[in-house]
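Colleague: Take this structure, written in structure tokens, and hold onto it; I'll ask about it next.
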Amino acid sequence: MRKQRNLLRKNWSDLTAEISKAIADIGIPDTDFRSLSIHDNWKQIEEKIYQTFCTLTHPTQRPIWLWTNFKLDTFSLSNLHDRPELYLDKLVDKTETVWYVVNETINEGKKFWFYEGKIKSIKAIIDETWFDEIYIVSKKYEWLICINHHDILIATGNKMPDKLRKIELEYQEKNGK
């Protein structure tokens, strides 16, 4: 119980406040984007993400950069023509509700903040806030998309790596590469 209380202290940055402000400024309804509360069991969601997508080498320690430990088919793009988040609506159906997970690091402490929403709202939030790394995850745990701190767009899981490969092929065909 002590650790959870510590996470709620003011020593974390204003990232969640920035996201809340962006939600209010843009006027995003709760049906399109919302923060997960302690009653939503975000800890269970986090563990399911780790178990599904990552190779774990320790019984209790978890990597903060999931993308360094993916165990399923994975594909990434680093030489994107536009910012990586601009490709998200080409990967995720606009009607699908997904998990949106934001990584924050303060004083060498690490924390994930959990939300759920539609990709259009998530793109709007990304445009208005900063992040170290973000993860967008199928609520059925079929796939995961990451934008890491190097602005690399990474997809893993079922079908999503192939969707990202298709985007690369379309870009190459369009630009004669």
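The values are calculated or read from the model by the stated rules, or taken from the named source; none is laboratory data. All values derive from a computational prediction rather than experimental measurement. Note: ideal-geometry Cβ built from the backbone for every residue, glycine included; neighbour counts use all protein chains shown.
Colleague: Based on this model, can you work out whether Tyr135 counts as more than 18 Å from Thr16 (Cα to Cα), within 14 Å of the chain's Cα centre (by Cα) and at pLDDT 90 or above?
Modeller: The answer is no for Tyr135.
Colleague: Counting only residues that are within 16 Å of Gly157 (Cα to Cα) and either at pLDDT below 95 or of a type in the set (Phe, Trp, Tyr) (or both), how many does the stretch 74-85 have?
Modeller: Selection size over the stretch 74-85: 2.
Colleague: Going through the stretch 125-137 one residue at a time, which ones are buried (at least 21 other Cβ atoms within 10 Å of the Cβ) and closer than 16 Å to Ala24 by Cα?
Modeller: Ile125, Ile126
Residues are listed down the side, and each one gets a yes or a no for (1) in a strand (DSSP E or B); (2) β-branched (Val, Ile, Thr); (3) buried (at least 18 other Cβ atoms within 10 Å of the Cβ); (4) at pLDDT below 95:
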residue: Lys43; (1), (2), (3), (4): no, no, no, yes
residue: Ile49; (1), (2), (3), (4): no, yes, yes, no
residue: Thr60; (1), (2), (3), (4): no, yes, no, yes
residue: Thr68; (1), (2), (3), (4): no, yes, no, yes
residue: Leu72; (1), (2), (3), (4): no, no, no, no
residue: Tyr87; (1), (2), (3), (4): no, no, yes, yes
residue: Lys94; (1), (2), (3), (4): no, no, no, no
residue: Val102; (1), (2), (3), (4): yes, yes, yes, yes
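Colleague: Where residues in the stretch 104-124 are surrounded by 13 or more Cβ atoms within 10 Å (Cβ to Cβ) and acidic (Asp, Glu), which of them is nearest to Ala155 (Cα to Cα)?
Modeller: Start the filter on the stretch 104-124 by keeping residues that are surrounded by 13 or more Cβ atoms within 10 Å (Cβ to Cβ), which leaves 104-105, 110-124.
Cutting the leftovers down to acidic (Asp, Glu) gives us 104, 116.
Working: Glu104: 20, Glu116: 18 Å.
The selected residue is Glu116.
Colleague: Next question, about the same structure. So which residues in the stretch 16-41 are in a strand (DSSP E or B) and without any contact (Cβ under 8 Å) to a residue 40 or more places away in the chain, if there are any at all?
Modeller: Once the filter is applied, which keeps residues that are in a strand (DSSP E or B) and without any contact (Cβ under 8 Å) to a residue 40 or more places away in the chain, the stretch 16-41 yields nothing.
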